[in-house]
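Working notes, structure below.
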Amino acid sequence: EADIYQTPRYLVIGTGKKITLECSQTMGHDKMYWYQQDPGMELHLIHYSYGVNSTEKGDLSSESTVSRIRTEHFPLTLESARPSHTSQYLCASRKPGFMGGYTFGSGTRLTVV
Amino acid sequence: DQQVKQNSPSLSVQEGRISILNCDYTNSMFDYFLWYKKYPAEGPTFLISISSIKDKNEDGRFTVFLNKSAKHLSLHIVPSQPGDSAVYFCAACALYGGSQGNLIFGKGTKLSVKP
């Protein structure tokens, strides 16, 4: 049973629109992550947070922004969507001690037309 | 430059046989390795992990082997079952390095287990 929730699961949106991808977890984890994945490619880390009011950019440059006002909530925002943003976006959290790695949400499949 | 490499995009195996998925890494600072399984339209789920102080870890039908000198790890699934058909991602991190445990993923290997 998923303890980390992403909405929407699928989104088709026009170029230039502002969108926010939601991610919430009920496990009280401090560390949360956003990954971007294209088919047949690796997951690329685009943002991470080690706690409330802490956000960092990941290895892959992204035009998106994130916020962490509450422990359980880590939304990702694109101010002006472009076709190059079409991808799958995966949110994850990590429990203390690391053993077992990350717990991932089901992802949001974004298509910008 | 890819730090975690899965050179086989796909693998097909007969049910009941062994599946061997391979992964190579380049960063000698990596000290913890994980395998994730991903079904279409779902997020990856954790499968098994291994610390660099070990060379083998086993969990039921799944065994991960680590060869630090070769910077190579492999996942063995015995016996393979049709429900194992999925994309398998290798991931690595430097738990005690500057990256603070952020996972680096390979491109994945799509495993198909035929009945």
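Shielding value for B:42-51 is 5, the average number of Cβ atoms from other chains within 10 Å of each residue's Cβ.
When accessible surface is computed with a 1.4 Å probe, chains B and A are found to bury approximately 1800 Å² between them, both chains counted.
Which of the aspartates and glutamates could a cross-linker bridge to A:Lys18, judged by Cα under 17 Å and excluding same-chain residues fewer than eight apart? Counting by Cα, and skipping residues close in sequence, A:Lys18 has these aspartates and glutamates nearby: A:Glu63, A:Glu79. Among beta bridges identified by DSSP and lying wholly in chain B, the antiparallel ones come to about 90 percent.
Cβ screening of chain B for cysteine pairs under 4.7 Å finds these without a partner: B:Cys93.
Taking 0.36 nm per residue of sequence separation and removing the Cα-Cα distance, the B:Ile20/B:Asn67 pair yields an extension gain of 15.5 nm.
Got the relative contact order for segment B:21-115 handy, in percent, Cα pairs under 8 Å and 6 or more residues apart?
30 percent
Our summary gives segment A:4-112 a relative contact order of 37 percent, counting only alpha carbon pairs under 8 angstrom and 6 or more residues apart. Which entries in A:Lys31/B:Lys56; A:Lys31/A:Lys57; A:Lys95/B:Lys110; A:Lys95/B:Lys37; B:Lys71/B:Lys107; B:Lys5/B:Lys37 show an alpha-carbon gap greater than 22 Å? Exceeds cut-off: A:Lys31/B:Lys56; A:Lys95/B:Lys110.
Phi angles across segment A:46-55 convert, under the Karplus curve 6.51 cos²θ - 1.76 cosθ + 1.60 with θ = phi - 60°, into 3J(HN,Hα) values of 10, 8, 8, 9, 9, x, 4, 6, 10, 9 Hz, Gly and Pro given as x. Take the Cα of A:Met41, step 7 Å along the line toward its Cβ, and report every residue of segment A:82-113 whose backbone nitrogen sits under 11 Å from that point. Flagged as within label range: A:84-88. Of all aspartates and glutamates in the structure, the ones whose alpha carbon falls short of 16 Å from that of B:Lys54, not counting any fewer than 8 places away in one chain, are B:Asp31.
The values are calculated or read from the model by the stated rules, or taken from the named source; none is laboratory data. Bear in mind the structure is a predicted one, so any value in this text is a computation, not a measurement. Please note: Cβ atoms are built from the backbone with ideal geometry, for glycine as well, and neighbour counts cover all protein chains shown. Surface accessibility is based on the protein's heavy atoms, side chains included, excluding ligands, DNA and RNA. Shrake-Rupley method; radii C 1.70, N 1.55, O 1.52, S 1.80 Å.
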